[in-house]
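Since the structure comes first, as structure tokens, the remarks are kept for the end.
Values in this text are rule-based calculations from the coordinates and carry no lab data. Just so it is clear, the model here is predicted, and its values are computed rather than measured. Cβ placement follows ideal geometry from the backbone for every residue including glycine, while neighbour counts extend to all protein chains displayed.
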Amino acid sequence: SPTQAAAVRDAFLSFFRDRHGHRLVPSASVRPRGDPSLLFVNAGMNQFKPIFLGTVDPRSEMAGFRRVANSQKCVRAGGRHSDLEDVGRDLSHHTFFEMLGNWAFGGEYFKEEACSMAWELLTQVYGIPEDQLWVSYFGGDPKAGLGPDLESRDIWLNLGVPASRVLSFGPEENFWEMGDTGPCGPCTEIHYDLAGGAGAPQLVELWNLVFMQHNREADGSLQPLPQRHVDTGMGLERLVAVLQGRRSTYDTDLFSPLLDAIHQGCGAPPYSGRVGAADEGRTDTAYRVVADHIRTLSVCIADGVSPGMSGAPLVLRRILRRAVRFSTEVLRAPPGFLGSLVPAVVETLIASLVSEDEAAFLASLQRGRRVIERTLKRLGPSDVFPAEVAWSLSLSGNLGLPLDLVELMLEEKGVPLDTAGLERLAQEEAQHRTLQAEPVQEQGLRLDVHALGELQRRGVPPTDDSPKYSYSL
Ligand code: ATP
Ligand code: MG
Ligand code: MG
Ligand code: MG
């Protein structure tokens, strides 16, 4: 099961896309679009608010959304869900984090499917031991005239969670609201026991499954939504910490490079993960604050919110000033230190945002370019690029550089590819091999039919000799 942050994120998205037919949508900007009730985007559901309220433009793409999943950039600083004051003090709250989520709109599916998908992903795909998972459900709110959500309780019991680990809480914990106004509903949550399932549990909240049914109006009243929806959110940083066997989100590949960069840049003793009274001199707290805040600043500025005088910009200015305070006064950082951390943020976020496949291909691309350049040096002014080289670059056992990319790269150099030679090679290959898609599917690999068609169009026959080969298509 995956542990590196990029692989964990990928596994979440492909689980919902491939196993449960969800459409993947990109993260929205952290700057809310046309929603004055928010300072920053604070949850994955924000961009879908018009769907919940039933105000979505029927001609928009969103109007067709039924099952979707994504990873959303979230900022919780200021407003209802602000965690600004807690950052640095604990090992699980950030002002910027990524929220993994799945949605079912208009009753596409509801509580039972949402809970069983979440359970399947955590226990089967990520391999988290069941006895380290606890769940909670909404115990009701008599003042608001809301009864307990016994349906969710029973769903968990049916999924095999023992009653001793199914707890109920009131509206503070298990009734989720986006802001002072907006969509809301009872929720059921999955928590992870850091104590390893033995002795007194130490729980960290992992995943929230919200059943959107109401809208909180400006006068404080609850109105029913036109339809019911599933809205879930799980913190990527916390999930990665669990899967990397860490108690702290800071001890993961999402933060370690950043903590190293802070250490390099300010000469304070290295980060050692102490909290509370144990963190004498508050060095580790300062490390966490600075690492957190520089991520938030970088992401917000990239999304078009800069430190300023009011609203979200003012919050950002406060964040910047806290980071300056902690880095200079606690970590004894030199002037210009904060700015020098930005490349490390870009690196950690890119390393994690770029999928593993993309990262792997980048290396192939660079090597392919070097091979092409070396080959070009040997060519005379009127030579064509040798088919054998292009062909071998395209083999998955080598670099898996698609022929159309090789052609493009050569086009830029003004050198034609020996297409006749390529065709000859292809025919030779065809004498030995024929296409059979089944063995590929049996290996659990998907055939890229589009690329296959493209190759056939070019007269390059696909082969079935190794699953790897087909995979790289
Ligand atoms: P907590 O009780 O830990 O503050 P929450 O109940 O405020 O979390 P939700 O609004 O339910 O969080 O958000 C869904 C998920 O997002 C949480 O279960 C958690 O995994 C993650 N999450 C929430 N706040 C943060 C944060 N400040 N930093 C990192 N992850 C977070
Ligand atoms: Mg919270
Ligand atoms: Mg909570
Ligand atoms: Mg919660």
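Some values worked out for this structure:
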| item | result |
| --- | --- |
| C-alpha center-to-center spacing [segment 1-56, segment 256-295] in angstrom | 30 |
| Sparse-neighbour loop sites [GluC sites (Glu not before Pro); segment 194-295; at most 15 other C-beta within 10 Å; DSSP] | GLU217 |
| Sequence of THR95, THR348 once ranked by neighbouring C-beta atoms within 10 Å, starting from the fewest | THR348, THR95 |
| Relative intensity, log₁₀ I(q)/I(0), of segment 24-134 from a Debye sum that treats every alpha carbon as a point, q = 0.20, 0.24 Å⁻¹ | -1.19, -1.30 |
| Inter-label distance, nm, simple model (7 Å from Cα along the C-beta direction), GLU205/ARG325 | 2.6 |
| Modelled FRET efficiency - R0 35 Å, ARG369 with MET309, Cβ distances, 0.05 increments | 0.15 |
| 15 Å reach of a label modelled at ALA195, 7 Å along Cα-to-Cβ, counting backbone N of segment 147-178 | 164-166 |
| Spatial extent of the chain: Rg and Dmax, with the Cα atoms as the point set, Å | 26.1, 85 |
| CD proxy at 222 nm, helix term only [per DSSP H run n ≥ 4: -39500 (n - 2.57); per residue of the chain; nearest 500] | -12000 deg cm²/dmol |
| Crossing angle, helix 311-325 versus the chain [Cα axis fit, 0-90 degrees, rounded to tens] | 90 |
| FRET efficiency for ASP219 and ALA302, using Cβ-Cβ distance with R0 set to 35 Å, rounded to 0.05 | 0.40 |
| Estimated distance in nm for a label pair at GLU407 and ARG31, the labels positioned 7 Å out from Cα along Cα-to-Cβ | 4.1 |
| Label-point separation in nm, LYS377 to ARG59, each point 7 Å along Cα→Cβ | 5.8 |
| Nearest-ten-degree value, helix 256-266 long axis tilted from longest Cα axis of the chain | 80 |
| Sites GLU151 and ASP86, calculated FRET efficiency, Cβ-Cβ separation with R0 51 Å, nearest 0.05 | 0.95 |
| Relative contact order (%) - criterion: Cα under 8 Å, at least six apart; region: segment 6-89 | 35 |
| Degrees, to the nearest 10: 283-302 long Cα axis against longest axis of the chain | 60 |
| Contour excess over end-to-end distance, with Cα ends at GLN264 and GLU423 and 0.36 nm allotted per residue | 51.8 nm |
